[in-house]
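The structure appears right after this line, and notes come after that.
The values are calculated or read from the model by the stated rules, or taken from the named source; none is laboratory data. The structure displayed is predicted, hence computed values, not measured ones. Neighbour counts run over all protein chains shown; Cβ positions are idealised from the backbone, glycine included. For accessibility, only protein heavy atoms count, side chains too; no ligands or nucleic acids. Shrake-Rupley method; radii C 1.70, N 1.55, O 1.52, S 1.80 Å.
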Amino acid sequence: MTTLTWPSGTTSAASLTFDVDAESVWLAMDPDNAERPGVLSQGRYGPLVGLPLILDLLAEKDVRATFFIPGVNVSLYPEAVEAIIRGGHEVGLHGYTHTRPSRLSPEDERSELERSFDELTAAGGTVVGYRAPGWDVSAQTLDLLEEKGLLYASNFMDDIAPYRHPGRRLVELPVQWILDDWPHFGWHTGDSARTIKGTREVEEIWSEELEGIHRYGGSTILTMHPQVTGRPSRVALLGRMIDRMQDLGNVWIATCAEIAALADAQLPR
Ligand code: ZN
């Protein structure tokens with residue numbers, strides 16, 4: 001890993017990120033879910049209830065976060081997008097239909113990127129970053145992002161600190177399933193192989209990883225979903241995680257765009 005110099009005496013960075021998937025994740029998982037209003041209601045909870053609870057908490061803690069929004073949700077949930085931008089948060093790209101780029105034709109991947117960029121920008125967002133649905137990029141994704149002039153992507157799991165993709169300007173803000181809410185809390189009917197973990201267990205997992213990355217001077221990119229972390233017990237967990245970051249005293253809590261800009265200024269081309 002490359003050690004970066006974080007701002008004003010901080011020794012690591014952390015970013016709270018939210019993928020505002022709503023129903024799109026369920027529809028991309030199985031098109032038949034279009035005929036299952038109960039299944040889709042899980043997704044709708046995200047922008048309608050979970051997101052406002054999360055935005056209130058972030059305002060109370062005075063923390064800015066990054067929200068990756070599938071293009072389809074810009075017109076389906078304009079109030080959600082407006083509230084995110086009004087709160088001073090960053091918005092980023094997350095596909096259009098939430099189809100994984102690895103499963104799209106090259107033409108469809110390009111048009112999804114163009115369309116979601118245009119719609120999010122038209123909604124008032126300043127867009128510099130991209131996260132693929134399921135973090136599952138295609139062989140051409142990095143070329144498309146570079147061509148679009150984006151500053152960063154947040155999909156790969158091969159480091160604990162930002163790095164520059166070889167031969168490109170594009171900065172990567174690496175993620176990992178351990179710091180995602182879905183593997184710990186996600187569950188749906190018929191998913192008998194899994195159980196929902198309690199917030200105390202996940203708090204321990206996330207805290208140990210945060211403190212470990214902090215020790216090495218890296219970046220903790222926490223990946224959450226309003227339909228998962230927006231449940232009341234988990235909003236409380238998020239509050240405790242922010243407290244822990246603030247209590248460490250020297251963690252730079254920033255948006256992905258801020259972290260990527262700092263990395264871009266320091267990493268060799
Ligand atoms: Zn997603």
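Scanning region 1-28 for residues that are within 15 Å of the ligand (Cβ to nearest atom) and more than 20 Å from Arg244 (Cβ to Cβ) turns up Asp19, Val20, Asp21, Ala22, Glu23, Ser24, Val25, Trp26, Leu27, Ala28. Taken together, Phe68, Phe117 contain a single residue that is crowded, with 17+ Cβ neighbours inside 10 Å, assigned to a strand (DSSP E or B) and among the aromatic types (Phe, Trp, Tyr), which is Phe68. The helices (runs of 4 or more DSSP H) falling completely within region 162-269 that include 2 or more residues that are more than 23 Å from His89 (Cβ to Cβ) and of a type in the set (Gly, Ala, Ser) map to 199-216.
For region 120-149, the tally of residues that are assigned to a helix (DSSP H, G or I), open to solvent by 20 Å² or more (accessible area, probe 1.4 Å) and more than 16 Å from the ligand (Cβ to nearest atom) stands at 6. So, of the residues in region 232-254 that are under 20 Å from Gly87 (Cβ atoms) and open to solvent by 10 Å² or more (accessible area, probe 1.4 Å), which turns out to be nearest to the ligand (Cβ to nearest atom)? Filtering region 232-254 for residues that are under 20 Å from Gly87 (Cβ atoms) and open to solvent by 10 Å² or more (accessible area, probe 1.4 Å), the one nearest to the ligand (Cβ to nearest atom) comes out as Arg234. A search for C-beta distances below 8 Å between a residue of region 84-109 that is touching a residue at least 12 places away in the same chain (Cβ under 8 Å) and part of a loop (DSSP other than H, G, I, E, B) and any residue that is open to solvent by 60 Å² or more (accessible area, probe 1.4 Å) and among the hydrophobic types (A, V, I, L, M, F, W, C), counting only pairs 6+ apart in sequence or on different chains, returns Gly87/Ala59; Thr97/Leu27; His98/Leu27. Is it the case that region 22-44 has a residue that's in contact with a strand residue (DSSP E or B) (Cβ under 6 Å, 6 or more places away or on another chain) and of a type in the set (Ser, Thr, Tyr)? No, the conditions are met nowhere in region 22-44. One residue alone among Leu104, Leu55, Leu93 is more than 16 Å from the ligand (Cβ to nearest atom) and in contact with a helix residue (DSSP H, G or I) (Cβ under 8 Å, 6 or more places away or on another chain), and that residue is Leu55. Scanning region 205-227 for residues that are touching a Phe, Trp or Tyr at 6+ places or on another chain (Cβ under 6 Å) and either open to solvent by 10 Å² or more (accessible area, probe 1.4 Å) or more than 16 Å from the ligand (Cβ to nearest atom) (or both) yields one hit, Gln227. Inclusion of Phe117 among residues that are within 15 Å of the ligand (Cβ to nearest atom) and either in contact with a Lys or Arg (Cβ under 6 Å, 6 or more places away or on another chain) or aromatic (Phe, Trp, Tyr) (or both) is not warranted.
With the condition kept exactly as written, say whether any residue in region 29-48 is among the hydrophobic types (A, V, I, L, M, F, W, C), surrounded by fewer than 20 Cβ atoms within 10 Å (Cβ to Cβ), within 13 Å of the ligand (Cβ to nearest atom) and within 27 Å of Met157 (Cα to Cα). Within region 29-48 (the criterion being among the hydrophobic types (A, V, I, L, M, F, W, C), surrounded by fewer than 20 Cβ atoms within 10 Å (Cβ to Cβ), within 13 Å of the ligand (Cβ to nearest atom) and within 27 Å of Met157 (Cα to Cα)), the answer is yes, since at least one residue qualifies. Taken as a whole, region 60-74 holds no residue that is within 14 Å of the ligand (Cβ to nearest atom), modelled with pLDDT of 95 or more, closer than 17 Å to Cys256 by Cα and among the basic types (Lys, Arg).
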